[in-house]
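Working notes, beginning with the structure itself.
The values are calculated or read from the model by the stated rules, or taken from the named source; none is laboratory data. In this text, all values refer to a predicted model and were calculated from it rather than measured experimentally. Cβ atoms come from the backbone with ideal geometry, glycine included; neighbour counts cover every protein chain shown.
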Amino acid sequence: MSRFLAKRLSSIEPYTPGEQPQGRSFIKLNTNESPYPPAPAVCAALNSEEAERLRLYSDPDLRELTAAIAEYHGVLPSQVFCSNGSDEALTFAFLAWGSQDGVAFPDISYGFYPVFAQYYGIDALPIALKPDFTLDPKDYMGLGRMVVFANPNAPTGFAIGVDEIRKIACSNPDHVVLVDEAYVDFGAESALRLLDECENLVVVRTFSKSRQMAGARLGYAIASPQLIEDLNRLKFSFNPYNVNRLTSLAGTLSVREDAWFCECRQKIINTRAATTKGLRQLGFEVLESLANFVFARTPQLSGEEYCAKLRQNGILVRHFTNPRIADYVRITIGTDEEMQTLLAVTCTILQEAKG
Ligand code: PMP
């Protein structure tokens, strides 16, 4: 840190992204990416002709992409805001709607929420999940501040239903309730259908997980046109060309190719069921996940030890140091073959531990 850094920023604890290894090849189950490629039309379109167009700025209004997403979800283009990863939509959201009265989010959730709050000097209220890691909607009623939660939550994979989300939104009428649906396509109910009833609801989505495009950095928010205007006000005060040309094209083509999306997501759901079963047979406790990962622990090893042993065997998973969840590891769902390797390696590790 230099002596020039503003004092306010020196206390920020930045978010730690999962490892992106260079060189050695791992079975990569640590950052909730998809093991499958983007839609075929996306791969076909990213050619040298498109590369040549990089000399031009992207469309600051992202009209084609926004229209494609709006059509896909049956909303107006004025209800869609596209962002550089959903992280960017989230950061604008915190600034736009959390700066005044603060923001509440679950104590165990996406690790970026407290960082966004610190970054903007926003008062953050972490709300403890219940001992079984479920979220009690009652804890989020009438808080008098912005509410943010991931549904399904990460790293637990648990979700709440639309009726519960409605209650949270209705009980906080003067503040935005933001539902981060990064993992919703793997089996949870979306809050999108509440948009007409709840003018304070914002739904954030990403192309990183169920659309196999983490490296493209594309996300979006859906909300009332007025709330979307707020996000655009911030974007046009910060980075008008926030989504690059190639990503914008890739995103448009991805949403138009529904069959590939459905096929890949179904494969992940099936592999998740098989992985959950396999780990339970090995004596693991595995939370019933609705996301593209499972959260699991074994009585035989600490989360940290299990994570380290897997790494030695060429498999990356994610471990968090927060004491409440330190026994667990989060395992992204890969291909069937990758997960079979994970189970076989795990079996050997457990035998060695018994030793
Ligand atoms: N929300 C949640 C709950 C996440 O786990 C992630 C991925 N780490 C994101 C948002 C951000 O995803 P991206 O910026 O890749 O869209």
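A few points about this structure:
- Leading residue by the ranking (nearest to the ligand (Cβ to nearest atom)) among those in region 112-126 that are touching a strand residue (DSSP E or B) at 6+ places or on another chain (Cβ under 9 Å) and either in contact (Cβ under 8 Å) with a residue 60 or more places away in the chain or outside any loop (DSSP other than H, G, I, E, B) (or both): 113
- First in region 1-23 and in contact (Cβ under 8 Å) with a residue 40 or more places away in the chain, second anywhere and part of a loop (DSSP other than H, G, I, E, B) and away from the ligand (no atom under 16 Å from the Cβ), Cβ under 7 Å, 6 or more apart: 8/121
- Residue 205 vs. criteria under 17 Å from residue 334 (Cα atoms) and at pLDDT 95 or above: no
- With respect to being more than 30 Å from residue 333 (Cα to Cα) and touching a Lys or Arg at 6+ places or on another chain (Cβ under 9 Å), residue 129 falls outside the description.
- Counting the residues of region 312-337 that are touching a residue at least 40 places away in the same chain (Cβ under 8 Å) and surrounded by fewer than 18 Cβ atoms within 10 Å (Cβ to Cβ) gives 5.
- Selection of region 266-283 for residues being in contact (Cβ under 8 Å) with a residue 60 or more places away in the chain and either crowded, with 20+ Cβ neighbours inside 10 Å or among the small types (Gly, Ala, Ser) (or both) yields 268, 271, 272, 274, 275, 278, 279, 283.
- Search result, residues across region 264-312 that are in a helix (DSSP H, G or I), of a type in the set (S, T, N, Q) and either under 15 Å from residue 330 (Cα atoms) or in contact with an Asp or Glu (Cβ under 6 Å, 6 or more places away or on another chain) (or both): 271, 275, 276
- Residue match in region 184-205 (condition: under 30 Å from residue 34 (Cβ atoms) and of a type in the set (Lys, Arg)): yes
- Restricting 109, 99 to those that are within 16 Å of the ligand (Cβ to nearest atom), within 23 Å of residue 126 (Cβ to Cβ) and not β-branched (Val, Ile, Thr) reduces the list to 109.
- If the condition is being more than 24 Å from residue 187 (Cα to Cα) and among the aliphatic types (A, V, I, L, M), then region 129-150 contributes 141, 143, 146.
- Meets criteria (acidic (Asp, Glu) and either closer than 30 Å to residue 315 by Cβ or surrounded by 15 or more Cβ atoms within 10 Å (Cβ to Cβ) (or both)) for residue 52: no
- Residue list for region 178-211, restricted to those being β-branched (Val, Ile, Thr), in contact with an Asp or Glu (Cβ under 7 Å, 6 or more places away or on another chain) and near the ligand (Cβ under 10 Å from one of its atoms): 204
- Looking across region 13-62 at every residue that is within 23 Å of residue 239 (Cβ to Cβ), hydrophobic (A, V, I, L, M, F, W, C) and in contact with a Leu (Cβ under 9 Å, 6 or more places away or on another chain), the one that is nearest to the ligand (Cβ to nearest atom) is identified as 46.
- Odd one out for residue 307 among (1) under 23 Å from residue 22 (Cβ atoms); (2) in contact (Cβ under 8 Å) with a residue 24 or more places away in the chain: (2)
- Qualifying residue in region 69-91 (condition: within 16 Å of the ligand (Cβ to nearest atom) and either modelled with pLDDT under 95 or among the charged types (D, E, K, R) (or both)): yes
- Against the list (1) of a type in the set (A, V, I, L, M, F, W, C); (2) more than 16 Å from the ligand (Cβ to nearest atom); (3) within 30 Å of residue 196 (Cβ to Cβ); (4) in contact with a Ser or Thr (Cβ under 9 Å, 6 or more places away or on another chain), the condition residue 65 fails is (2).
- Count - residues of region 147-175 that are away from the ligand (no atom under 16 Å from the Cβ) and not charged (D, E, K, R): 9
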